[in-house]
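Encoded as C-alpha cells, the structure appears first; notes follow it.
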Amino acid sequence: MIKITLPDGSRREFAQPPTVGDVAAAIGPGLAKAALAGRLGSGAGARLVDLNHRVTDDAALAIVTDKDPDGLEILRHSTAHLLAYAVKELFPDAQVTIGPVIENGFYYDFAYKRPFTPEDLAAIEQRMAELAAKNEPVVRRVLPRDEAVAYFKGLGEHYKAEIIGSIPAGEEVSLYREGGFEDLCRGPHVPSTGRLKHFKLMKVAGAYWRGDQNNEQLQRIYGTAWATKDELQAYLRMLEEAEKRDHRKLGRELDLFHMDEHSPGLVFWHANGWVIWQQVEQYMRAVYRDNGYLEVRGPQILDKSLWEKTGHWDNYRENMFVTESEKREYALKPMNCPGHILIFKQGIKSYRDLPLRYGEFGACHRNEPSGALHGIMRVRGFTQDDGHIFCTEEQILDECVAYTALLQKVYRDFGFTEVIYKVATRPDPRVGSDAQWDKAEQALMESLRRSGCDFTVSPGEGAFYGPKIEYTLKDAIGRQWQCGTMQVDFNMAERLGAEYVTEASAREAPVMLHRAIVGSMERFIGILIEQHAGAMPAWLAPRQAVVAPIAEAQADYAADVAKRLQKQGVRVNADLRSDKIGYKIREHSMLKVPYILVVGDKEKASGAVSVRARGNVDLGAMSVEVFSQKIADDVARKV
C-alpha cells in the first residue's frame, strides 16, 4: 500500500504504485484535467516530476497546475521545445542548442546557415500552433551518456552531442519526444503539446555558443508563453506601453541625456536631465541629513591590496577597471564599502558612537560586458546612493525597522506605492558562526514583521558574508525593479581591521549594514522616466512651467512673469517666439511641461496668467502669486 500525503495534510492510499496523474484523478476530474506535473517530497528536498512519474514509496505530493509558478515555468519550457520542434520541421538543416526559461518567457538558440527573418518568425509561430493542435504526447526516456552522444551525432545535432559529452561518463540523461522531435532535457514537461496554447514569438537576436564570444555566433529566438489568453494579451499590452515609456526614446525626445561611442556605458547628462538628477540627489541628501547620516566622500581609486583583503580581487577582478602608477596597481572602486570602513577606522570609536551611519553619493565603475549595457539602466559608470551603518549586533533590529520605514516614505514620494519584500538567507559556503547568522536572519525577518510587511524567503540567496532584505518596487505598468537593499555583514569590517571599544573596554569589530534606497542614481532616474512616461511630477520636472504670450504685445509682460517666478524658485522660462499660441501649446505639451501659462491682453491688464495643466486641463486665470503658491504646494506634497 502506497500512502500519498497531500498539501492539506490529507492522505490517499493506493494498492499499487500510482503515477502522479493517478493521484490527480483520484482527487477529482477537475484537477486531473488541470494537472501539468507533480511536486514530490517536501521542503528543500521537493522535486518536480512528470504526470506519468510513478511513486513507489510513501511520499508527500502536490499536483502542479498552470496556476502554480512552477506550472507556468513548465509551460514555458515545454513551449521552448515546441519552438525547436517547429524550427526543425521548417528548417531541417538547423541545429538546436539550448532553450531555457527566462523571465516572462523562454528562448532557444539555433545554428543555421542564414539569418532568420520576420517572415520566418511568423511561419515558425504558425507551425508551433499547428503542432500544438495535434496534441501529441510528450514522452520521456533515459539513455546512457555515450549512447545519447552517439544518437544526437547521428541526427547531425553536434551542439547537443557536445553538451551531453560534457556530462560525466557513466551517467544517464533524459530525453523528451513529441511527434518527430526529441530533445535533451531533465524535465518535467507538460503531458502533451495540446496544453500549449497561449504563446507568441517576440524577436531574433545574436548569441554566442555557450556565451563565449570566441565561439561561433548562433541565432536566439525569444518567445513568451502564458496560462491563459487574457494573461498573454495583458503582457503584450504591457510591452506596448513599455515601448512608449522607453527611457532611451524619452531621453532623446526630452533632451535629457545621451550615450556616445566615445565613452561606452557612461552617460552624457544634458541640462534637462541634470535638473532631474539634482532634484533626486538633493532630496536624498535631505533624507541623509534628517535621519542621522553623516555624508562622506571617498576616493574613486584604491590600491590593489585593499581589494585583496576584501576578497574582491580574487572574486570580482574581471568586473573592475584597473590602472597603474609608479609600479603600484590600483582599481576604480566598484562599490563604496571599503572606503567607508577606512573612514570609520580614523580615530578610536566607542560603543557610545554606535550606530554610526555614513552616506555617500559615490561614483563607482564596473566593467560590464558591452552586450549587457542598456541605456542608463545598465552602465559602466554610476553613482550609488550608498550608505553603511556600523552598529552592534543588538542594534541590527532597530536599525532595520527604521530603515524600512524610511525607504517606504522615499518610494512613496517618488510615486511608487507597492513594494515587494524578500529575505535572502545563508548560502553555503559562508563565513561567520551559525549563531551570528541566526541573529541576523531573525532580525531582518522580525524587522519586516514589525513594519507590517509580508515577505518571502529565498533560501541560500544571501551573500557569503551575510543575509539581506531585497526591496522591489512595482511601477505604473506592473513591472518590478529591485532597487533597495539592507544587507548584514559580519565580515568586511573585521577583514579591514575596523573595531570599536565595547562597554567592557574590549575591542570588537562592528556589524556593518550595507543599505541603498534608490541604488544606482542613473538606473533609478531611468526607472522614474519610465514610471512617469517622461511626464515628471512638478517637483522633479526639468521645467515646471513656461510662459507663452499670445502676441508680441504681451512679450514684455511674459518675460516679467517668468523673472518673478524664477526669483521665487520656480523653474520657468518665457517662450517669446513669434509662433502662434496653438503651436507653442502643442510643442510644450509634447515636452511634457507641467504648466503652460498663457498671457494675452486681458491677463496683462489684470496681472494674471491663464494656467493650463499637463493633459490639456484648463485651470483658469489666477494671479502670479497664487500660481507660485500652487507650484510650491506641488513640490511640498511631491505631486
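The values are calculated or read from the model by the stated rules, or taken from the named source; none is laboratory data. Note that the structure is a prediction, hence the values are computed from the model and not measured. Neighbour counts are summed over all protein chains in view; Cβ atoms, including those assigned to glycine, are modelled from backbone coordinates with ideal geometry.
A few comments on the model shown:
- Hits in the stretch 204-260 (condition: outside any helix (DSSP H, G or I), touching a helix residue (DSSP H, G or I) at 6+ places or on another chain (Cβ under 8 Å) and basic (Lys, Arg)): none
- Here the strands (runs of 3 or more DSSP E) wholly within the stretch 267-371 that include at least 1 residues being touching a Leu at 6+ places or on another chain (Cβ under 8 Å), at negative phi and touching a residue at least 60 places away in the same chain (Cβ under 8 Å) are 293-295, 356-365.
- Single residue of ILE124, ILE167 found to be over 22 Å from ALA37 (Cα atoms) and touching a residue at least 40 places away in the same chain (Cβ under 8 Å): ILE124
- Boolean, VAL49 is of a type in the set (A, V, I, L, M, F, W, C) and assigned to a helix (DSSP H, G or I): no
- Any hit, the stretch 525-544, residues being part of a loop (DSSP other than H, G, I, E, B), farther than 30 Å from ILE376 by Cβ and either out of contact with any Asp or Glu (no Cβ under 6 Å at 6 or more places or on another chain) or in contact (Cβ under 8 Å) with a residue 60 or more places away in the chain (or both): no
- Selected residue [surrounded by fewer than 20 Cβ atoms within 10 Å (Cβ to Cβ), hydrophobic (A, V, I, L, M, F, W, C) and under 21 Å from ASP303 (Cα atoms)] from LEU332, LEU373, LEU356: LEU332
- Options ALA205, ALA225; residue that is at pLDDT below 95 and closer than 26 Å to PHE110 by Cα: ALA205
- Within the stretch 341-373, the set of residues being of a type in the set (D, E, K, R) and in contact with a Pro (Cβ under 6 Å, 6 or more places away or on another chain) comprises ARG366 only.
- Residue within the stretch 382-394 that is assigned to a helix (DSSP H, G or I), out of contact with any His (no Cβ under 8 Å at 6 or more places or on another chain) and either of a type outside the set (D, E, K, R) or farther than 21 Å from PHE361 by Cβ (or both) present: yes
- Strands (runs of 3 or more DSSP E) fully within the stretch 445-514 counting 3 or more residues that are touching a Gly at 6+ places or on another chain (Cβ under 9 Å): 468-474, 480-489
- Test: residue in the stretch 21-38 that is aliphatic (A, V, I, L, M), over 22 Å from PRO191 (Cα atoms), surrounded by 13 or more Cβ atoms within 10 Å (Cβ to Cβ) and in contact (Cβ under 8 Å) with a residue 24 or more places away in the chain: no
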